[in-house]
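Shown next, in structure tokens, is the structure this report addresses.
The values are calculated or read from the model by the stated rules, or taken from the named source; none is laboratory data. Please read these numbers as outputs of a predicted model, since none were measured by experiment. When we count neighbours, we look across all protein chains shown, and the Cβ atoms used for this are built from the backbone with ideal geometry, even at glycine. Ligands, DNA and RNA are excluded from the accessible area calculation, which covers all protein heavy atoms including side chains. Shrake-Rupley method; radii C 1.70, N 1.55, O 1.52, S 1.80 Å.
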Amino acid sequence: MNTFRQMLRPILRDPVATLGLLLVLLAVLVAVFAPWLAPYPEDAYESHLLQRLQPPSAAFPFGTDNLGRDILSRVILGTRSAITVAVSVVGISMLIGVPVGLWAGWRDGWLSETLMRVTDVFLAVPQLILALALGQLMAPGLTTAMVALSLTYWPFFARTVHAETRRLRTALFVDALAGLGAGTPRILLAHVLPNAAPAILVRATIGMGFTILTAALLGFLGVGAAPPSPDWGLAVAEARQHLPEAWWFPTFPGLAILLLVLGFNLLGDGLRDAADPRLRRSRH
Amino acid sequence: MARYILRRALLALPALLGLILLTFVLTRIIPGDPAAALAGDSATPAQIAEIRTRYGLDRPIWEQAVVHVRQVLTGDLGSSIFSGRPVMEEIIFRLPATLELTFAAMLLSIGIGIPLGLLAALNHNGPIDHVVRLLSVGGLAVASFWLAIMLQLLFAMEWDVLPLRGRSDLAYGAPPFHTGFYLIDSLWAGQWALFLDSLWHLVLPAVTLCLPGLASIARFTRSGVLEALQKDYVLYARAVGYGSFRLATIYVLRNAITVTVTQIGLLFGALISGAVAVEAIFDWPGLGTYAVQAILSADYKALLAVTLVVGVVYAAINVLVDVLQALIDPRVAEDIR
Amino acid sequence: MRLGAALLAGLLAAAPGIAPVPAQAQAQVQAQAPQRPMVWGDSLTATLDPHAVFDVPSQYILLNAYDGLMRYQGNPPELVPWLASSHTTSPDGLTWEFTLKEGVRFHDGTPLTAADVVYSFRRLLAMNRAPAAAFVPVLKPEGVTAPDARTIRFVLSSAYAPFLSALPLVAIVNQKLVEANTVNNDWGAAWLAANDAGSGAYQVDAATYRARTALDLNRFPDHFLGWSHNRRPMEVVRTRPIMETSTRVLALLRGEIDAGDSYLPTDQVERVERNARTRVQRDETMRVFVIRMNNRKPPFDNLDARLCFAHAFNYEGFNNVILKGLVIRNAGPNPNGLWGNPPDLVPYAFDLAKAKEHCDKARAAGAPIGREVEIHIQSELEQTTQAAQMFQADLRRVGINLKIVPNTWANITAATTRAESTPDTWIHWVSSYFIDPENWIGQMYDSRFHGTWKASSWYANPQVDALLTKARASLDQAERSRLYQEATRIVVAESPDIWVYNTVNLRGMSRRVQGYNFSPVGSGGELRTIWLEN
């Protein structure tokens, strides 16, 4: 746990990373309190045909969409699903990738070799194409998109953890522990994993931003979130038919994606620098 | 070096074989019966049974897997369920469109990314540095499909200064097919107007697509240069009176290029993913739109072929990158087990 | 800092795109070609084989590259002899004889004979793909014969009144050419998917064909009708489908394409009309918008539940606000303008109080009204999304939870082959493939068609089956009309589906396109009458 405190301090000292942290915290707050923050929370599903495609005004700061729904409310409500998707996908990927990486990094032999080859196969296909294929083969929908994204993201964790474990396996303190008679699970969970935690944390933060982008893209291509979900990618897709007149329709959901992903990326960047003193030195 | 290249290529083989098996597994987890899908609507059970025998779908699963691998290795990816044409034929016409777009984007990323990274490093902690840093993080945070739509909205719809869609004006036919790259084929045929038109059509999609690559290259160049500037020999050279610019070009840029080459492999994966969105928005007749159409028409044969072809191209590019890297820096070749 | 500026300037100069380029390119194009060829932007069908697919886009190939024995012309569509010069029917309606016109040639110069017609029908029946559906129940391959080179005889296994109306569906292909390209007894299917073996007014330039992306059609000067009806026919038509609706509309406005598809979004009508270059071609058509309910799955096996749904759709709001009044409310399965509709048919009205009443009754009868109901939409067609979202909001008010599932035509039609896999509800249009109530009520509500997408509500009523079977076999128009009216009354009262509107066909077109002749069958895709004005 010490490592986290060690990592937090440099972040607060770096204004850019702090901005990232603030953006992420803001988004989490918005997500938690979305139904209370949104001016028209019922616009998650309600339609108002008489006020379709209104430009931004005092009543509707971001304008209304093709079914007369308040875009500001939907952007706020969409934060929740964006963060849920990101957290679940990264969580599931970690649950698969971290054990695989630990095992394959710790042990030698055909099994760990095979595990890493399988990882390579998954990494050899561009993630989006694989997610699209999976999304089409199963029924399209948000759950499918999350499964597909998790199935394609875990290899990144496996790689990261594998590399860290390999590095630590030869470390002196591990040898000492083994000499003291500590069992493998104990060494892995109590000693190797905490030391690999910063690398995992950086990967997870970057993965959040990445997942939000890809999930939005899947929503945009029609294999992700289903209407009337206030999904941002879906909103941009729905907006296309109403351009160039309704410029506000794709603009604000897109900006929301940009800000949230920017937040995660800036934070991840800061974390990476904090975790890797070599890079921090080069940054000044 | 030749041995290294051979070994590197051989190392890619298990991954490719795994990829082929993965696509096979995918065809088998599809809900529904591939034979029924192939038979089409209003097919009788007898017709479906006949198709099952014809395609060997009644054989044991491992036998089917072997057949699948053999077919793929001989370049037979089957026929599209939707159009009835060999999938390979359709892909051959579409792959160059995607490659032309991604290469253009990659050139832009490198051509703009390296100078930007260099500028930022030389202007360390100055205003340019901050702008470039923000850009390099922001560039990776923009959803490509959204950026494409916004650029299209401004440049093609509102101001009407750039083409809206496609590889060339629709009234032109395609240039005679040699490479499938419009820029090359139009020059080959001496069609200047078409060449310029194609170049013009490439601007918006390539600019949209280049952004993530540009961002990461600028960022790696920047940190590479910064790191190199801290090296003792550089500090020494500076003390002796070399200017920043000379230093940058002599010592630093070479390092930066090595770093960039490493990035290209990773970048290509991102470019292909981005291309799916960008192609869909700019109506670019490449593999991305092909994949989207395959999804809309439940054409799993086409989709699997795209997955496979993209995987192979991706693997090939990664091998190429490793080889290039070894050529630039022979130490890399020694590192590999 | 100076270095920075220099580098930046260099970058800007190197960046592609210096403003004068497109103007130059444009000028060169104009110098090369005096007139920009017609660019048709409607979607292309999956395969060029006219016997393999049967959907709205496939009509473009069928009507232009091929000819049939009969064809629909004009609006309201009239069935006219085409390759046939005349025909006779036996009194029992089983034997039909057609005489071919003389001097008809295929694109390769081969004369079109009765043998080609026989081959085409046998090929259709043997391949048994979508367009065969209308013939398979009544026609066996050996039932089509050619007593001589210009006579074709059909012997049906049972009387089938819509036989004549369905004949335009069948393209006549060049037997010699197709047989020369047949491999593995595939009836030439692989070859014909990307080539043409027809006699139509335009011929496929196979070298330019890219599935779903590009197809050039060249005028066939020796078409059997001659070209005297058109002083300046187009020599070449470039078909360049644009997938995305919004892009298609913008390309039309900018003059890149001359015609869009026949589903111009109602939101775009005003914009296309306002543009100096373009106009909207509006035509009465016969394309009914339906929300299907799976009558086999509870709660839709309960009449009150179905009535509840039928009263919960805001027809007014959808037809007049979202679609801006460009469509007409349709009370039953048959399009309003068709014969065989009861003159006094009253459409269901949007009335949530009534919906609630019916739902309460259904609930009391044990129907699972509370369960989540899925509605499958075709994601690429925005109207289906809008209708579903509006429906969802209104159903919520009567306590029904509707879940929207984005899907595709291909997936849904594959799912409708079995009742268990058919969605609870789904949205689609029934277009006119042939002008006969059989195309709508006949194939939608006769239980013999269960397993096809048209009959995907799995409605079964022996009385309706009997009426429809009788109407199908009768050759007396007055009797058929009476039978269809009776069947329609019963079906509408039982509310197996929700019928929303009948369309006005909206196609964006450039103003230079002249001589466009609309027919609801094939959405007016005939190119031979069109010329371009400068």
* Structure fact -> With a 1.4 angstrom probe the carbon and sulfur portion of accessible area for region C:63-180, in percent, totals 54
* Protein accessible area in chain A, 1.4 Å probe - carbon and sulfur % -> 70
* To do: For the protein assembly as shown, just give the cysteines left without a disulfide-compatible partner, judged by no other Cys Cβ under 4.7 Å.
  => B:Cys210
* **Sequence of A:Phe249, C:Phe449 when ordered by accessible area, the most exposed leading, probe 1.4 angstrom** => C:Phe449, A:Phe249
* To do: Please report how far the C-alpha centroid of region B:181-211 lies from that of region C:196-270, rounded to the nearest whole angstrom.
  => 25
* Asked: Solvent-accessible area per residue for region C:63-180 at a 1.4 Å probe radius, Å²?
  -> 36
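I need the per residue convex hull volume for region C:470-525, using only the alpha carbons, in cubic angstrom as a whole number.
Given the Cα convex hull of region C:470-525, per-residue volume reads 141 Å³.
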* Asked: Out of every Cα pair in chain A, what percent are spaced more than 27 Å from each other?
  -> 49
* Asked: Label C:Thr145 and B:Val66 with points 7 Å out from Cα along Cα→Cβ: what is the distance between them in nm?
  -> 5.2
* Determine Rg/Rh for the protein assembly as shown; Rg is computed over alpha-carbon atoms and Rh is the Kirkwood hydrodynamic estimate from the same atoms. => 0.99
* Accessible area of A:Trp247, 1.4 Å probe, to the nearest 10 Å²? -> 110
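What's the FRET efficiency of C:Gln463 with C:Val136 using the Cβ-Cβ distance as r and R₀ = 25 Å, to the nearest 0.05?
For R0 = 25 Å, the calculated efficiency reads 0.50.
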* Provide, as a two-decimal number, the C-alpha radius of gyration of region B:59-129 over 2.2 N^0.38 Å, N being how many residues it has. => 2.06
* To do: Please work out how much accessible surface C:Tyr209 shows to a 1.4 Å probe, ignoring ligands, DNA and RNA, in Å² rounded to 10.
  => 20
* May I ask you to work out the translational diffusion coefficient for region C:286-504 at 37 °C, viscosity 0.692 mPa s, via Stokes-Einstein with Rh from the Kirkwood sum over Cα pairs, reported in whole µm²/s? => 190
* Asked: Using a Gaussian network for chain A with springs between C-alpha atoms less than 10 Å apart, which of these wobbles most: A:Ala171, A:Ala197, A:Ala226?
  -> A:Ala171
* Asked: Taking accessible area as the heavy-atom solvent-accessible surface of the protein chains with a 1.4 Å probe, which residues of region C:399-437 lose no less than 50 Å² upon going from the isolated chain to the full protein assembly?
  -> C:Pro406
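Given 0.36 nm per residue, what is the gain on full extension from C:Arg279 to C:Ala478 after removing their alpha carbon distance, in nm?
Extra length from C:Arg279 to C:Ala478 when fully extended: 67.6 nm.
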* To do: Determine the order of C:Trp458, B:Trp192 by accessible area, beginning with the largest, at a probe radius of 1.4 Å.
  => B:Trp192, C:Trp458
* Over all distinct Cα pairs, what is the inverse of the mean 1/r for chain C, reported as the Kirkwood hydrodynamic radius in Å? -> 25.2
* Structure fact -> Listed residues A:Phe62, A:Phe33, A:Phe210; largest mean-square fluctuation, Gaussian network over chain A with Cα springs below 10 Å, found at A:Phe33
* To do: Let me know the whole percent of all Cα-Cα pairs from region C:63-180 that are separated by more than 18 Å.
  => 49
* Structure fact -> For the C:Lys324, C:Trp227 Cβ pair and Förster radius 51 Å, calculated FRET efficiency rounded to 0.05 is 0.80
* Over both sides of the B-A contact, add up the buried accessible area with a 1.4 Å probe and give it to the nearest 100 Å². => 4200
* Asked: Which whole number gives the average, over all residues in C:378-385, of C-beta atoms from other chains lying within 10 Å of the residue C-beta?
  -> 4
* When ligands, DNA and RNA are left out and all protein chains stay put, how many square angstrom of accessible area per residue does region C:286-504 have with a 1.4 Å probe? -> 33
* Structure fact -> Taking a crude spin-label model, label points 7 Å out from Cα along the C-beta direction, the A:Leu259 to A:Ser57 distance in nm is 2.3
* Asked: Per residue in region B:71-104, which ones lose no less than 30 Å² of accessible surface when going from chain alone to all protein chains (1.4 Å probe)?
  -> B:Phe82, B:Ser83, B:Arg85, B:Phe93, B:Arg94
* Structure fact -> Simple spin-label estimate for A:Arg9/C:Trp339, 7 Å along Cα→Cβ, in nm, reads 9.3
* Asked: Considering the alpha-carbon set of region C:314-363 alone, what are its Rg and its Dmax in angstrom?
  -> 13.7, 38
* To do: Mind telling me which of A:Phe264, A:Phe122, A:Phe173 comes out most flexible in a GNM of chain A, alpha-carbon contacts under 10 Å?
  => A:Phe173
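Dividing the convex hull volume of the alpha carbon atoms of region A:24-64 by its residue count, what do you get in Å³ per residue?
About 86 Å³ per residue, rounded to a whole number.
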* Asked: In whole Å, how far is the Cα centre of region C:139-174 from that of region C:334-384?
  -> 39
* Averaged per residue, what accessible surface does region B:140-204 expose to a 1.4 Å probe, in Å²? -> 37
* How many percent of the accessible area of region C:286-504 is carbon or sulfur, using a 1.4 Å probe? -> 54
* Could you please put C:His223, B:His68 in sequence from largest to smallest accessible area, using a 1.4 Å probe? => B:His68, C:His223
* Enter the accessible area of B:Thr53 (Å², nearest 10), with the probe set to 1.4 Å and all protein chains included. => 90
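Do any of C:Lys297/C:Lys354; C:Lys297/C:Lys356; C:Lys101/C:Lys176; C:Lys176/C:Lys454 go past 27 Å between their Cα atoms, and which?
The pairs that break the limit, which is 27 Å between Cα atoms, are C:Lys176/C:Lys454.
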* May I ask you to list the aspartates and glutamates whose Cα is less than 12 Å away from that of C:Lys403, ignoring any residue fewer than eight positions away on the same chain? => C:Glu372, C:Glu374, C:Asp424
* Chain pair A, C: total accessible area buried, heavy atoms, 1.4 Å probe, Å² -> 2200
* Structure fact -> Note, C:Phe224: beta-carbon cut-off 15 Å, +1 each Lys/Arg, -1 each Asp/Glu, net 0
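At a probe of 1.4 Å, how much accessible area disappears from chains B and C on forming the pair, both sides counted, to the nearest 100 Å²?
Counting protein atoms only, the buried area is about 4300 Å².
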